[in-house]
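**Student:** Let me give you the structure first, and then I'll get to my questions.
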Amino acid sequence: MPLAIVFDRRIGYLFPMEQSELRAFEKRCTQEEAPACQTACPLHVDARAFCGLMAAGRLSDARKLLERSMPLADLLGRLCEGDCLAACRRAEIDAAVNMPLLERACVCFSKPAKGMLMPSTGKRVAVAGAGLSSLCLAWELGKKGHTAVIHHCQSPGGRLKSVNNAVLPEGVLADALDALTGLRVEFILVDSFSPAWRDKALEDHLALYIGLDDASVSLADFALGGISDFLTQETAMPAVFAGGAPDTPGGAPSFVRAAADGKRAAGSIIRLMQGVSPATARENEGVYKSLLHTNLEDVAPALPVIALDPDAPTEDEAVAEAARCIRCECLECVKHCVYLANYKGYPKRYAREIYNNLSVVHGLRRSNGQINSCAECGLCAAVCPNSADMGAFCASARREMARSNRMPPSAHEFALEDMAFSNAPDIAFFRHEPGASQSAWAFFPGCQLPASFPGQSADVYRHLRRHLPESGNAPKGGGGVGFFFRCCGAPARWSGRDLLTAESAASLRADWQQAGEPTLILACASCMSFFTEALPDIPVISLWDVLADLPLPEGAAAAGLDLALHDPCAARHSDVTRARVRALARQLGQEVEELSLGGALTRCCGYGGLASAANPVLGDAIALSRAKDTDRALLTWCAMCRDRLRAVGKNSLHLLDLLFPDGSAEQAATRPAPGISARQERRLSFRTTLLHDAWNENPPENAGMDSITLSMDEDTARKLDARRILRSDIKAVLLHAKDNGPQFANPDTGRSLHCLRPKQVTFWVEFTRTGDNAYDVHDAYCHRMVVPGVPGEGLDTAATCEGYSRKGGRM
């Protein structure tokens with residue numbers, strides 16, 4: 001089966017990506033969608049940002065924001081009926097935020113922003129009627145440098161003149177009319193309107209707007225049937241627009257809706273002036289339903305502020321009421337994911353940045369680290385209302401980086417070398433059960449379980465051999481329980497190397513076929529994910545599904561500790577296996593706390609996706625965040641989860657610590673996580689011990705490497721782990737130094753310094769030789785820079801080292 005096709009189907013995002021595909025992914029993320037209050041507002045006032053500024057006491061800034069969407073804000077800010085109140089999400093908890101009160105306070109306690117008068121365009125628009133919709137249209141046109149000529153039969157203002165002075169103080173309307181005059185708006189008194197007047201107005205002007213919120217104006221006066229498009233405010237006659245009509249026949253028009261009609265009509269007329277259709281780019285301009293998802297679960301109740309005088313709220317009352325706004329946003333994934341929060345954004349923005357990053361031909365690719373730091377755990381998709389999967393997007397981006405040779409080698413090199421180590425002939429092996437010639441099953445522990453729990457891994461195999469054939473679940477053909485030791489190939493897939501992934505899967509299939517095609521019993525959730533996606537025809541079953549149906553091992557017992565259960569992220573969709581793990585805990589008598597972010601919503605430990613390999617600091621932050629989810633020690637059933645959590649100081653147990661205890665649970669919970677060198681050495685030791693104990697085989701030893709004895713303090717060991725320097729790397733350098741003499745010596749300290757470039761990295765080791773094959777290691781570091789004369793492949797290492805010895809030197 002072509003492996004790349006399997007992964008393409010899983011990921012769903014392919015690079016090079018078309019703009020349309022990018023937009024489709026971006027659409028899944030609703031963070032940039034307008035909140036419900038804004039989409040319900042006919043003027044689309046950004047109530048969320050407005051409330052934020054008001055709550056901070058920044059009334060002048062709040063007014064500037066208000067004036068961006070609200071024409072004649074000093075006037076309309078006192079009249080708004082609050083269409084947003086019914087849509088306010090806080091109303092689902094207690095009561096809507098009182099936006100009309102906030103707008104009134106804002107315009108009362110702040111001054112209008114000083115705008116710049118645009119140069120005149122010389123374009124003139126006729127307006128019939130001087131109601132609020134006409135005044136707002138004139139305002140919008142005037143700001144663009146166009147001249148609105150308002151013809152009116154009554155004094156300007158229409159219904160505004162009858163508003164109570166407590167709501168609209170005397171002088172506010174006059175100030176608004178003065179402001180319009182300052183924008184070159186002209187006011188002309190006429191006796192009446194007629195079709196002839198209409199035709200003359202269109203001769204002298206580019207367009208005509210009819211303001212129906214002026215009582216002296218009606219469409220019948222112009223021999224027009226009605227408004228044909230309420231988004232553009234067009235009528236059946238070209239270049240003639242109308243608005244401001246009451247919502248119901250005979251009713252009074254809403255002030256804010258009349259204003260919105262005038263504003264939309266101005267937009268249509270400006271488009272007409274530009275030679276484009278008035279309907280161009282009008283998406284989401286009217287009132288519409290918000291797509292923004294906002295989780296209200298953690299929003300605390302806050303009773304509304306009751307102003308002593310609703311018509312004249314105080315500044316303090318307004319600030320307090322604005323603070324009740326919950327600032328609607330989604331960010332569900334960012335709230336739960338350390339990786340997403342780390343880069344100060346959200347999936348829609350990240351996708352755009354990654355798309356641009358992959359489009360760079362020459363220059364800096366600033367998103368490489370971000371792409372490689374994702375754990376691909378799937379939590380973002382699990383909590384997203386639209387299932388936006390940032391992990392899948394990053395996985396596809398990695399594949400494109402690897403395909404186009406743009407992947408930084410340092411990001412995944414160590415992990416891939418570790419995979420190669422686990423699949424090397426002196427580590428990987430398959431054996432039928434001792435005394436059997438075929439295998440119905442084969443225990444596949446993966447590469448990490450024996451590195452973390454070598455003793456318990458062997459215990460599991462003995463338990464399976466003893467009880468599985470007796471369970472009555474043997475596949476047709478019979479056979480025993482074999483043992484299959486190697487890495488599945490997940491690191492290759494996580495790194496985006498399609499070819500290496502395919503090679504690993506092909507090698508795995510060949511080994512499985514040579515073993516007689518047994519059903520594989522997988523201990524690792526990541527292995528299960530890899531087999532399911534890359535090798536779906538190979539029969540597999542989870543170890544935990546098997547153990548739940550077998551008798552408990554002798555000595556199995558509850559921990560005697562308060563534990564919380566942590567599920568590995570690779571098992572997010574493995575509902576049955578997660579249930580069997582809990583069944584095993586119940587059989588043991590072990591009660592566990594279910595974490596709020598557990599099961600299908602479980603958090604990551606930072607290992608998956610090679611996140612901790614590419615970004616160790618962020619990887620530790622991910623693990624630490626998980627550790628802080630509970631005060632209890634954690635019980636998990638993933639070797640790397642246990643070790644990653646323990647590495648950041650969290651007391652953690654593996655389920656095997658309860659099933660096959662080796663000492664007390666307290667000791668197991670505090671047992672240090674093995675370092676990178678220890679993990680490889682344990683795999684090698686596990687292989688040697690198991691082959692000897694089960695099959696009476698004695699693998700040959702590496703006489704050179706095994707003869708070297710190293711000692712170092714804990715700080716040095718931690719430092720080397722952080723630098724991804726293995727003890728085997730150090731031994732290779734020291735063997736070379738032993739054969740050729742150290743390159744540098746410090747006569748003051750008696751220490752030596754030697755370097756070797758056995759692969760694409762140069763290793764330097766500072767040491768003291770304490771015996772024939774014994775060394776104290778004081779420090780080591782590595783780099784990719786090629787230093788002329790450093791011994792390595794293709795160099796005369798003896799001659800080079802001889803030169804260093806003759807020159808000597810000081811460190």
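The values are calculated or read from the model by the stated rules, or taken from the named source; none is laboratory data. Since this is a predicted model, take the numbers as computed values, not measurements. Neighbour counts are summed over all protein chains in view; Cβ atoms, including those assigned to glycine, are modelled from backbone coordinates with ideal geometry. We work out accessible area using only protein heavy atoms, side chains counted, and drop any ligands, DNA or RNA first. Shrake-Rupley method; radii C 1.70, N 1.55, O 1.52, S 1.80 Å.
**Student:** Using just the alpha carbons, could you tell me how many Å³ per residue the convex hull of region 668-757 encloses? Intermediate results must be reported in sequence, preceding the final value.
**Tutor:** Values: hull volume 11.8 nm³, N = 90.
Given the Cα convex hull of region 668-757, per-residue volume reads 131 Å³.
**Student:** Right, something else. Take the alpha carbon atoms of region 124-273, find their radius of gyration, then divide it by 2.2 N^0.38 Å using N residues; give the quotient. Numbers along the way, then the final one.
**Tutor:** Numbers: Rg = 14.0 Å, N = 150, 2.2 N^0.38 = 14.8 Å.
Against the compact-globule rule of thumb, the ratio is 0.95.
**Student:** Below 8 Å between Cα atoms, with a sequence gap of 6+, how large is the relative contact order for region 411-549 in percent?
**Tutor:** Values: 191 pairs, mean separation 42.0, N = 139.
RCO, region 411-549: 30 percent.
**Student:** What is the gain in length, in nm to one decimal, between H692 and R718 on full extension, counting 0.36 nm per residue of separation less the C-alpha to C-alpha distance?
**Tutor:** Values: separation 26, 0.36 × 26 = 9.36 nm, distance 3.21 nm.
Gain in length upon complete extension: 6.1 nm.
**Student:** Here's a follow-up. Taking the Cβ of D776 as the centre, find all other residues whose Cβ is under 12 Å away and add up their charges (Lys, Arg: +1; Asp, Glu: -1).
**Tutor:** Working: positive: R751, R769; negative: D713, E766, D779.
Residues close to D776 contribute a combined charge of -1.
**Student:** OK, next. Suppose every Lys and Arg Cβ carries +1 and every Asp and Glu Cβ carries -1, with no other charges. What dipole size does the chain come out with about its Cα centre, to the nearest 20 debye? Provide the component values of the computation, followed by the final result.
**Tutor:** Numbers: 86 positive and 95 negative charges, 332 e Å.
Charge dipole, the chain, about its Cα centre: 1600 debye, nearest 20.
**Student:** Enter the angle in degrees (range 0 to 90, nearest 10) between the Cα long axis of helix 132-143 and the first principal axis of the Cα atoms of the chain, meaning the one along which they spread out most.
**Tutor:** That helix lies at roughly 70 degrees to the long axis.
**Student:** Here's another thing I want to ask about it. How large is the charge dipole for region 563-660, taken about the Cα centre, if only the Cβ atoms of Lys, Arg (+1) and Asp, Glu (-1) carry charge, to the nearest 20 debye? All intermediate terms of the calculation are to be shown ahead of the outcome.
**Tutor:** Details: 13 positive and 10 negative charges, 22 e Å.
Dipole of region 563-660, to the nearest 20 debye: 100 debye.
**Student:** Can I ask one more? Please list 3J(HN,Hα) in residue order for region 571-586, calculated via the Karplus relation 6.51 cos²θ - 1.76 cosθ + 1.60 where θ = phi - 60°; whole Hz, with x for glycine and proline.
**Tutor:** 9, 4, 9, 9, 4, 5, 5, 4, 5, 5, 4, 5, 5, 4, 4, 5
**Student:** Give me the Kirkwood hydrodynamic radius of region 705-783, using the inverse of the mean 1/r over all pairs of distinct Cα atoms, in Å to one decimal. Don't jump to the answer; show the numbers that get you there.
**Tutor:** On the way: mean 1/r = 0.0802 Å⁻¹.
With all distinct Cα pairs of region 705-783 included, I get 12.5 Å.
**Student:** Between region 181-240 and region 43-115, how far is it from one alpha carbon centroid to the other, in angstrom?
**Tutor:** 31
**Student:** Output ³J(HN,Hα) for region 716-733: one whole-Hz value per residue in order, computed from phi by the Karplus curve 6.51 cos²θ - 1.76 cosθ + 1.60 with θ = phi - 60°, and x for Gly and Pro.
**Tutor:** Couplings: 5, 4, 5, 4, 5, 4, 5, 8, 6, 10, 7, 4, 5, 5, 5, 4, 4, 5 Hz.
**Student:** Okay, moving on. At most 10 other Cβ atoms within 10 Å plus a DSSP loop assignment makes a site exposed; report the longest stretch of the chain without any exposed trypsin sites (Lys or Arg not before Pro). Each step should come with its number before you reach the end.
**Tutor:** Numbers: sites that count: K114, K289, K344, K476, K628, R810.
Of all site-free stretches, the longest is 629-809.
**Student:** For a quick check of understanding: with a 1.4 angstrom probe and all protein chains in place, what accessible area in square angstrom does I427 have, to the nearest ten?
**Tutor:** Its accessible surface works out to 0 Å², give or take rounding.
**Student:** Rounded to the nearest 20 debye, what is the charge dipole size of region 705-783 about its Cα centre when +1 sits on each Lys and Arg Cβ and -1 on each Asp and Glu Cβ?
**Tutor:** Numbers: 11 positive and 12 negative charges, 74 e Å.
With only Lys, Arg, Asp and Glu charged at Cβ, the dipole is about 360 debye.
**Student:** Continuing with the same structure: Output the antiparallel fraction of DSSP beta bridges having both residues in the chain, as a percent to the nearest 5.
**Tutor:** Details: 22 of 64 bridges.
Taking every DSSP beta bridge with both residues in the chain, the antiparallel ones total about 35 percent.
**Student:** Can you tell me the orientation of helix 498-514 relative to the chain, as the angle in degrees between its alpha-carbon axis and the longest Cα principal axis, to the nearest 10?
**Tutor:** The helix 498-514 is inclined about 40 degrees to the chain.
**Student:** Same structure, new question: With the contact rule set at Cα under 8 Å and sequence spacing of 6 or more, what percent relative contact order holds for region 660-795?
**Tutor:** Working: 158 pairs, mean separation 27.8, N = 136.
It rounds to 20 percent for region 660-795.
**Student:** Which of the GluC sites (Glu not before Pro) found in region 492-590 are in a DSSP loop and have at most 14 neighbouring Cβ atoms, other than their own, within 10 Å?
**Tutor:** Passing sites in region 492-590 are E554.
**Student:** Carbon and sulfur atoms: what percent of the 1.4 Å accessible area of the chain do they account for? Write out the running numbers ahead of the final one.
**Tutor:** Working: 18380 of 35060 Å².
Here it works out to 52 percent.
**Student:** What ³J(HN,Hα) values, in whole Hz, does the Karplus curve 6.51 cos²θ - 1.76 cosθ + 1.60 give for region 160-169 when θ = phi - 60°, with x put for Gly and Pro?
**Tutor:** In residue order, the calculated couplings are 4, 6, 9, 6, 4, 4, 5, 8, 10, x Hz.
**Student:** Percent antiparallel among DSSP beta bridges with both residues in region 124-273, to the nearest 5? Could the numbers behind the result be given before it?
**Tutor:** Values: 3 of 20 bridges.
The antiparallel proportion sits near 15 percent.
**Student:** Along its three principal axes, how long is region 603-695 when you only count alpha carbons? Whole Å, largest extent first please.
**Tutor:** 43, 31, 17
**Student:** Just the number: Rg to Rh for region 462-558, Cα atoms, Kirkwood Rh, two decimals. Could the numbers behind the result be given before it?
**Tutor:** Values: Rg = 15.0 Å, Rh = 14.8 Å.
Over the Cα atoms of region 462-558, Rg/Rh equals 1.01.
**Student:** Within region 203-220, whose backbone N sits under 19 Å from a point 7 Å along Cα→Cβ of T248?
**Tutor:** Inside the label zone: 213.
**Student:** Further, regarding this structure: Restricting to bridges with both residues inside region 411-549, how much of the DSSP beta-bridge set is antiparallel, in percent to the nearest 5? Please report the intermediate quantities before stating the final value.
**Tutor:** Details: 3 of 14 bridges.
Of all bridge pairs located within region 411-549, approximately 20 percent are antiparallel.
**Student:** Using a cut-off of under 12 Å, list every residue of region 79-103 whose amide N is near the label point 7 Å from the Cα of F109 along the Cα-to-beta-carbon line.
**Tutor:** Under cut-off, by backbone N: 102-103.
**Student:** While we're on this one: Below 11 angstrom from the Cβ of R431, what's the summed charge of the other residues (Lys, Arg +1; Asp, Glu -1)?
**Tutor:** On the way: positive: R687; negative: E433, E697.
Here the charged neighbours net out to -1.
**Student:** Over the Cα atoms of region 316-384, Rg to Rh with Kirkwood Rh, two decimal places? Intermediate results must be reported in sequence, preceding the final value.
**Tutor:** Numbers: Rg = 16.8 Å, Rh = 14.3 Å.
Reported Rg/Rh, Kirkwood definition of Rh: 1.17.
**Student:** Please give the net charge around S612, taking every other residue with its beta carbon less than 12 angstrom from that of S612, where Lys and Arg add +1 and Asp and Glu add -1.
**Tutor:** Values: positive: R644, R724; negative: D620, D643, D721.
My count for the surroundings of S612 gives -1.
**Student:** Any idea what the relative contact order of the chain is, in percent, if you count C-alpha pairs under 8 Å spaced at least 6 apart?
**Tutor:** Values: 1447 pairs, mean separation 81.3, N = 811.
The value is 10 percent.
**Student:** Next question. Out of residues 5 or more away from Y209 or on other chains, whose amide H comes under 5 Å of its own, with H placed 1.01 Å from N in the peptide plane?
**Tutor:** Here the answer is A126, V127, A128, F241, since their amide H atoms fall under 5 Å of that of Y209.
**Student:** If you don't mind, there's one more thing I want to ask. Starting from the residue with the highest accessible area, list D498, D316 in decreasing order, probe 1.4 Å.
**Tutor:** Details: D498 50, D316 120 Å².
Solvent-accessible surface, decreasing: D316, D498.
**Student:** Mean residue ellipticity at 222 nm from the helices of the chain, using -39,500 (n - 2.57) per DSSP H segment of n ≥ 4 over the full residue count, to the nearest 500 deg cm²/dmol?
**Tutor:** Details: 36 runs with 338 residues, N = 811.
Result for the chain, helices only: -12000 deg cm²/dmol.
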